Amino acid sequence: MLDQQSISVTPMSDVIGAEVRGIQIARVDDALFDQIHAAWMDNLVLLFRDQTEMTDDALVRFSRRIGVLDIAPPNENGQPVIPGFPEILIISNVLENGVPLGALGNAEAIWHSDMNYIEEPPTASVLWGMEVPETGGDTGFLNMYKALEDMPADLRRRIDGLSVKHDSSTNSGGFLRDGAQPVTDLTTCPGAIHPIVRTHPVTGRKALYLGRRRNSYIMGLPLDESEALLDALWAHTDQPAHYWHHQWRPGDVVIWDNRCCMHRRDSFDPQARRIMHRTQIKGDKPA
Ligand code: SIN
């Protein structure tokens, strides 16, 4: 039996992510949560292995300690959420009676911050790996504080005061969202506008905020200049010095902070089963 008095925090890489050992998050109390929150602010992403006591109820209770939960966004298959748990989004490639159980299938999901295309994107997401493939389906996390801090000075100067329009039509798996029209003009397609550099409301640190590359547009620039600047920013950002990839085991739970990191997912064998339950915590307008 764990005493659950204190946590031990072990970095997963030099750049982002730490494993918290010695606790079952189903039994976290206020004092323990304060320690977890402090470790999370320092490491951006926390991994909890072997969560044998995890249930949907525990996932929701733990997530509510971080903040108010969003109702799960609709997925591209129009599947209903879990009865009694409207906050939980199922991410899965599994078909039950020919019907997808959840969102995103087995394909790669590109780098993104969750729901960057709305006015108040979620602060955080909590992902529970219930069934995972033996290989593939790893989730990468990228440190956006660091991407800003080590940006070459001329590139940094070029983004001063700029904002990005975050297209709302297409999700990170490349699927058109429910009711969305294919994008024909990046300058007029729908989506929220956020500053390229945002300040984290808890740590006070500045982070680059790109959202996702597909269909994004830098406000006020001619389209070709916007594309060239976004290409330069993404080339700088998407480099191994900024990220770490997590290889899942069943029973892993991961929290990430959408205000200062992006994530992506590798594709995996369509015959393998991957079932994840995810919550997300309401956020504020990036500033
Ligand atoms: C996501 O983008 O939230 C999904 C990540 C994953 O399936 O690993």
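The values are calculated or read from the model by the stated rules, or taken from the named source; none is laboratory data. What you see is a predicted model, and the numbers here were worked out from it, not measured in a lab. Ideal geometry is used to build each Cβ from the backbone, glycine not excepted, and the neighbour counts take in all protein chains shown. The accessibility values were calculated without ligands, DNA or RNA, using every heavy atom of the protein model including side chains. Shrake-Rupley method; radii C 1.70, N 1.55, O 1.52, S 1.80 Å.
Summary table
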| item | result |
| --- | --- |
| Test: Leu230 is of a type in the set (A, V, I, L, M), open to solvent by less than 10 Å² (accessible area, probe 1.4 Å) and not in a loop (DSSP other than H, G, I, E, B) | yes |
| Restricting segment 31-63 to residues that are crowded, with 16+ Cβ neighbours inside 10 Å and among the polar types (S, T, N, Q), the residue that is nearest to Phe85 (Cα to Cα) | Ser63 |
| Yes/no for Asn97 being open to solvent by 50 Å² or more (accessible area, probe 1.4 Å) and either assigned by TED's automatic domain parsing to the domain that holds Ala26 or hydroxyl-bearing (Ser, Thr, Tyr) (or both) | yes |
| Scan of segment 130-173 for residues that are in contact with a Cys (Cβ under 6 Å, 6 or more places away or on another chain), at pLDDT 95 or above and either among the aromatic types (Phe, Trp, Tyr) or more than 30 Å from Arg49 (Cα to Cα) (or both), ordered by number | Phe141, Tyr145 |
| Residues located in segment 217-246, provided they are among the acidic types (Asp, Glu), in contact with a strand residue (DSSP E or B) (Cβ under 9 Å, 6 or more places away or on another chain) and farther than 18 Å from Asp150 by Cβ | Glu225, Glu227 |
| Whichever residue in segment 249-287 is hydrophobic (A, V, I, L, M, F, W, C) and open to solvent by 20 Å² or more (accessible area, probe 1.4 Å) and, among such residues, is farthest from the ligand (Cβ to nearest atom) | Ala287 |
| Condition check for Val126: within 14 Å of the ligand (Cβ to nearest atom), at pLDDT 95 or above and under 23 Å from Leu210 (Cβ atoms) | yes |
| Flag if Asp185 is within 16 Å of the ligand (Cβ to nearest atom) and acidic (Asp, Glu) | no |
| Count - residues of segment 81-95 that are closer than 13 Å to Arg274 by Cα and either out of contact with any Phe, Trp or Tyr (no Cβ under 9 Å at 6 or more places or on another chain) or among the charged types (D, E, K, R) (or both) | 5 |
| Hits in segment 40-75 - residues which are touching a Leu at 6+ places or on another chain (Cβ under 8 Å) and not aliphatic (A, V, I, L, M) | Trp40, Ser63, Pro73, Asn75 |
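This table checks each residue for (1) within 11 Å of the ligand (Cβ to nearest atom); (2) in a loop (DSSP other than H, G, I, E, B).
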| position | (1), (2) |
| --- | --- |
| Met115 | yes, yes |
| Glu119 | no, yes |
| Met130 | no, no |
| Glu134 | no, yes |
| Gly137 | yes, yes |
| Phe141 | yes, no |
| Tyr145 | no, no |
| Leu148 | no, no |
